[in-house]
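Everything below concerns the one structure shown next.
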Amino acid sequence: MSRKIVIPWKINERLERLAQLQQETNGALLYVPEKRPFGFNYNVRALYMTGVGTAHNVQADPRRMEIVNIFFEKHPGYGFVKWHTHCRETGEQWYEKFSQGDINSYKWQLRQDRRFVGMMISPTRKQLYGYGDLGFATIRSPTSDLLEDRISDELRHIAEQLGYVNLPPLLATERR
Ligand SMILES: [Zn+2]
């Protein structure tokens with residue numbers, strides 16, 4: 001079975017910019033699956049950031065994980081691709097491969113959910129991890145902003161309900 005991660009062009013640009021920062025970042029791409037003749041398209045609707053780390057490591061903020069997990073409980077039709085970046089400071093040897101820590105965590109997650117997909121974005125490429133034949137494509141979608149705004153509004157609303165009104169912003173350093 002083949003699965004294609006279909007990313008709106010603007011979200012793809014943001015992912016690529018995140019891989020240019022001086023710290024590793026992570027988060028989720030929220031998608032709606034669409035059945036195709038030979039598999040699925042995972043149509044990405046929103047990018048949600050969950051953490052900013054150091055040049056060599058990134059952990060998700062547990063409160064942001066809680067927020068996005070509630071979103072998935074409310075919208076069981078959505079799935080996620082878990083992404084993180086490798087930045088230039090991570091080292092060029094990591095531009096094209098996952099760390100052992102990445103692989104260990106992906107294997108654990110695949111045992112919980114066979115549909116799990118992990119994605120690493122480096123300054124030079126994107127790489128996917130999961131079962132079967134995985135690929136990705138970017139599309140120009142005139143409604144992508146609107147669709148993402150709706151999801152962002154809902155995530156904000158969930159955060160408010162949880163009492164997370166002043167979560168510290170996720171700040172990473174721009175390369176000069
Ligand atoms: Zn990694």
Given the criteria over 12 Å from the mean Cα position of the chain (by Cα) and under 22 Å from Thr138 (Cβ atoms), does Arg63 qualify?
no
Tell me which residues, restricted to the range 89-120, are touching a strand residue (DSSP E or B) at 6+ places or on another chain (Cβ under 8 Å) and among the aromatic types (Phe, Trp, Tyr).
Phe98, Tyr106, Phe116
Within the range 61-79, how many residues are touching a helix residue (DSSP H, G or I) at 6+ places or on another chain (Cβ under 9 Å) and over 29 Å from Trp94 (Cα atoms)?
7
Selection within the range 133-168 - surrounded by 12 or more Cβ atoms within 10 Å (Cβ to Cβ), assigned to a loop (DSSP other than H, G, I, E, B) and either aromatic (Phe, Trp, Tyr) or over 19 Å from the mean Cα position of the chain (by Cα) (or both):
Leu162, Tyr164, Leu167
Inspect all residues belonging to the range 26-46 and state whether any of them is within 12 Å of the chain's Cα centre (by Cα) and either surrounded by fewer than 19 Cβ atoms within 10 Å (Cβ to Cβ) or basic (Lys, Arg) (or both).
yes
Restricting to the range 93-105, count the residues that are more than 10 Å from the ligand (Cβ to nearest atom), assigned to a helix (DSSP H, G or I) and either basic (Lys, Arg) or surrounded by 17 or more Cβ atoms within 10 Å (Cβ to Cβ) (or both).
0
Answer yes if at least one residue in the range 84-92 is under 24 Å from Phe40 (Cβ atoms) and either part of a strand (DSSP E or B) or out of contact with any helix residue (DSSP H, G or I) (no Cβ under 7 Å at 6 or more places or on another chain) (or both), and no otherwise.
yes
If a residue has to be more than 14 Å from the ligand (Cβ to nearest atom) and either part of a loop (DSSP other than H, G, I, E, B) or over 24 Å from Tyr95 (Cα atoms) (or both) to count, how many in the range 37-60 make the cut?
9
Test for Asp102: is it within 15 Å of the chain's Cα centre (by Cα) and acidic (Asp, Glu)
yes
If I filter the range 12-33 for residues that are aromatic (Phe, Trp, Tyr) and either over 16 Å from Arg115 (Cβ atoms) or in contact (Cβ under 8 Å) with a residue 60 or more places away in the chain (or both), do I get at least one hit?
no
Across the range 65-92, the tally of residues that are among the basic types (Lys, Arg) and within 16 Å of the ligand (Cβ to nearest atom) stands at 2
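Coordinate-derived values only; no laboratory data. For clarity, every value in this text was computed on a predicted model and none was experimentally measured. With ideal geometry, Cβ positions are generated from the backbone for all residues, glycine too; neighbour counts draw on all protein chains shown.
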